[in-house]
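See below for the structure under consideration.
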Amino acid sequence: MKNGPLFFLGLFIALVLSWGVVMEANHQLGSLAPYLDENEGRAYPDRASGLAARGQFVYADLGCAACHTQQVRRPDFGSDQARGWGDRQSFARDYIHQTRVLLGESRVGPDLANLATRKPPYDAEDLLKLLYTGSAQHPAYKFLFHERATGTVQSSQNALKLGSGAVVPAGREIVPTERAQSLVAYLLSLNNSYAYPAETATNTVAPAKEGAHNAAAPAADAAGKSAPAHPAHSK
């Protein structure tokens, strides 16, 4: 090959440059540490622990990231903040405790980055009912629950209170499994609302004009609730 040496030199340079970009990004993000707020005497972001930490694996296993994001865009890139999905854009520091960052692929459902701070708030019972019964926009995950008889054993304190709309045979009750409870604990731990002084000061932009919503607006908004219509949706 006439220009073989030149070709391989160019290939080598391309590999070196690409490796340099990767290492520089790793250095920038890998050096981030929790921010210590001396006034509050605590560090941010919080590290998920216990049941919530296990719930992140359930979230990933069910493929929830295929239909939900965990990334609030800045106002000039979208209307996430206008929808109530967060009071500020997401920063790299928000994800430093996550070994597997679940940013998501698309928004078939609403963003979940700040589910724990939504108004009106969702509690564990709301989310467990949604996981079991599903909705017009969200599939049911009945395999995350046990149906058991109540005649010979004491009723579980975790049994769902489904109301008259759900069909449960007489003498039976629906009890969430550990996977369901850990998933809900994880969802209720999602709170990236703390405003880091350095990031906030360098990323302040004018709010986006209302009406710039994209097609990913949550179906629950139409029902008067800005919290997710389907917090654990998978394809």
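Figures for the structure shown
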item	result
Accessible-area ranking of Tyr194, Tyr141, largest first, probe 1.4 Å	Tyr194, Tyr141
Net charge contributed by nearby residues that have their C-beta within less than 14 Å of Arg148 (K/R +1, D/E -1)	0
Where only C-alpha atoms are counted, convex hull volume of the stretch 1-147 per residue in Å³	215
Within the stretch 10-146: Cβ-based charge dipole about Cα centre, in debye rounded to nearest 20 (Lys, Arg +1; Asp, Glu -1)	280
Simple spin-label estimate for Ala14 and Glu105 in nanometres, 7 Å along Cα-Cβ	2.7
Listed residues Lys119, Lys2, Lys129 arranged by accessible area, highest first, probe 1.4 Å	Lys2, Lys119, Lys129
Spin-label model distance (nm) - Arg148 vs Asp87, 7 Å beyond Cα toward Cβ	4.2
For Phe145, residues with placed amide H under 5 Å, excluding near neighbours	Thr177
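The values are calculated or read from the model by the stated rules, or taken from the named source; none is laboratory data. All values reported here derive from a predicted model rather than from experimental measurement. Glycine also receives a Cβ, built like all others from the backbone with ideal geometry; neighbour counts cover every protein chain displayed. Note: accessible area is taken over every heavy atom of the protein model, side chains too, but ligands, DNA and RNA are not part of it. Shrake-Rupley method; radii C 1.70, N 1.55, O 1.52, S 1.80 Å.
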